[in-house]
Every structure is written in C-alpha cells, then in structure tokens.
Amino acid sequence: MKKALLVVSFGTSYHDTCEKNIVACERDLAASCPDRDLFRAFTSGMIIRKLRQRDGIDIDTPLQALQKLAAQGYQDVAIQSLHIINGDEYEKIVREVQILRPLFTRLTLGVPLLSSHNDYVQLMQALRQQMPSLRQTEKVVFMGHGASHHAFAAYACLDHMMTAQRFPARVGAVSQRGARRRARVGAVESYPEVDILIDSLRDEGVTGVHLMPLMLVAGDHAINDMASDDGDSWKMRFNAAGIPATPWLSGLGENPAIRAMFVAHLHQALNMAVEEAA
C-alpha cells in the first residue's frame, strides 16, 4: 500500500524563512517515517496566490493535495499540521480531512503545537533553549499571531503559565524560589495586546526587551509588525514607551525541540490509528 506524509502549514512567501522553518520541519518529520513519500500543502490562500503570481510556484491546499494523493493511489496518508493553535486554519484541515476520508484506507491527522497541557510545558522547555542572555531589568516578549477564534486564549494561557512557573526557571529548581519571570506573551491580532504588555512591563521597571516570534516562521508579521521601523511595529512602540527593543527574526521551526514536538504529534496520531484498528 502506498504511503504518504502530508505536512500542512499556514505557509510563507519568504523563501529563506521557508527553508529554515517549514523545510526543516518537513525534513525531521520525513526522517521519522522513511516509508512515506513527502508532500506539502499551505492553508493560506493569500500566500498560495502570491507565490503563484510572483514566483510561478504552485502550492496545494490540503484539499487539493489529498485529492491528488488519492488519484495517485496513496491509501495510507499521515497529515501533520504545523499550526501553533487549534484555530481557524487548523479547522480548515479538519473539515477537508472529513470530506475526503472515504477515499483512503487510513488517514491520520497530527494536532497543532499547543493541543494539550503537556504541550505547553514542553513548549516552555523548548523556548528556554533560545532565550538570550538578559540583564536584570530586561525581558523577552514573544509575539504570537492571535486569532478571532476562541483558541486565541492559548496565548494568554501560555503567558499565565510562564508567570506561575517563573519562566525560564525550571520547575522544582532551587533557583526558582524568589525568581521572577523573564518573558511575556502577546498577540498581533488578539489578546494579550502589545499595549497591555508595554504598560505592565513599564510598571515593573523593565528597561529593555528582546522581541521573538511565537510563530512557525519569521515571516510578514515578524518582519513588519514586530521588527520594522514602521511607527506601529512592536519595536517602535516599545521604543516610544522608553523601553528599547531588540528584535530576533527566528521562527519556531528553527528550534530542534519544537520540531521534535511536531514529530511526536505525528506519531501519536499514527499510534492512535493503529490502536483503533486493533
């Protein structure tokens, strides 16, 4: 039986960050199941259109990719989402999987990065690996995408857990006692808004922040909304508030520990399918 691995992300029109993040994830996922042929799909119609019109590159939607795989005789397809939260973009995949499930003998879907309590714990462990050296009065601010979907609460949940665990202190560590959290989480398109973070950090006496994307790729939001010299960017808004901001343009896909989380989600879905079939 022909087997396929379909890796689905929101997508990006920036080729360099695609290579560093999406391709890196695809490579690790493919290496974890070498008996499967690798395929790609994006959920963003805007990015798909831009790549086609600007570069002549055709990327499938999940629905198109699954239709092609069925036509090519693949009967066992494992899909892995590279989305961060279980929001609108992930629900697109779920709907399209349900429509086309009858075409396949086995069709599995691995969940987004933040899909369980343990995922939040593992994400914090992974983010520790990319924390810069901080002065006593500096903090990191992670920029999430945000969403109108109720799953936007994931960002506030992560921010709250970082407070409770005094991130990046390790749970149970002696050094955690009396420690203060060194990071906050905000979102471009929903709560927690950057203005809330600016007011809070200014009240705490923070004198500098390092801005990092809490997104798979360091694409348009990271480059323009976070790091640009535009007056509305997070960098310029922190600067205007008297808190100098240093942006870091690295997507989550560059972090090996986060790529490992996606691999684990892929195999959890595959193992669950085996158990259900037994």
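The values are calculated or read from the model by the stated rules, or taken from the named source; none is laboratory data. None of these values were measured; they are calculated from a predicted model. So basically every Cβ, Gly included, is an ideal-geometry build from the backbone, and we count neighbours across all protein chains shown.
The table for this structure:
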item: Top-ranked residue of segment 96-127 - restricted to ones that are surrounded by fewer than 18 Cβ atoms within 10 Å (Cβ to Cβ) and of a type in the set (Val, Ile, Thr), ranked as nearest to residue 152 (Cα to Cα); result: 121
item: Check on residue 162, in contact with a Phe, Trp or Tyr (Cβ under 6 Å, 6 or more places away or on another chain), of a type in the set (A, V, I, L, M, F, W, C) and not assigned by TED's automatic domain parsing to the domain that holds residue 272; result: no
item: Residues located in segment 29-54, provided they are within 17 Å of residue 220 (Cα to Cα) and without any contact (Cβ under 8 Å) to a residue 12 or more places away in the chain; result: 46, 49
item: Residue 151 being closer than 26 Å to residue 258 by Cα, assigned to a loop (DSSP other than H, G, I, E, B) and either more than 17 Å from the chain's Cα centre (by Cα) or not assigned by TED's automatic domain parsing to the domain that holds residue 24 (or both); result: no
item: For residue 161: the one exception among (1) closer than 23 Å to residue 125 by Cβ; (2) at pLDDT 95 or above; (3) not in a helix (DSSP H, G or I); result: (3)
item: Output for segment 43-57, where each listed residue is under 16 Å from residue 22 (Cα atoms) and loosely packed, with under 12 Cβ neighbours inside 10 Å; result: none
item: Selection count, segment 171-192, where residues are assigned to a loop (DSSP other than H, G, I, E, B), modelled with pLDDT of 75 or more and aliphatic (A, V, I, L, M); result: 1
item: Tally of residues being under 22 Å from residue 115 (Cβ atoms), surrounded by fewer than 19 Cβ atoms within 10 Å (Cβ to Cβ) and aliphatic (A, V, I, L, M) across segment 64-95; result: 1
item: The lone exception for residue 216 - which of (1) surrounded by 19 or more Cβ atoms within 10 Å (Cβ to Cβ); (2) in a strand (DSSP E or B) it fails; result: (2)
item: Complete set of residues in segment 223-238 that are outside any helix (DSSP H, G or I) and either of a type in the set (Lys, Arg) or surrounded by 15 or more Cβ atoms within 10 Å (Cβ to Cβ) (or both); result: 227, 228, 233
item: Members of segment 239-248 that are buried (at least 19 other Cβ atoms within 10 Å of the Cβ) and either assigned by TED's automatic domain parsing to the domain that holds residue 94 or closer than 27 Å to residue 112 by Cα (or both); result: 247
item: Conditions (1) in the same structural domain as residue 8 (by TED's automatic domain parsing); (2) farther than 24 Å from residue 189 by Cβ: number failed by residue 258; result: (2)
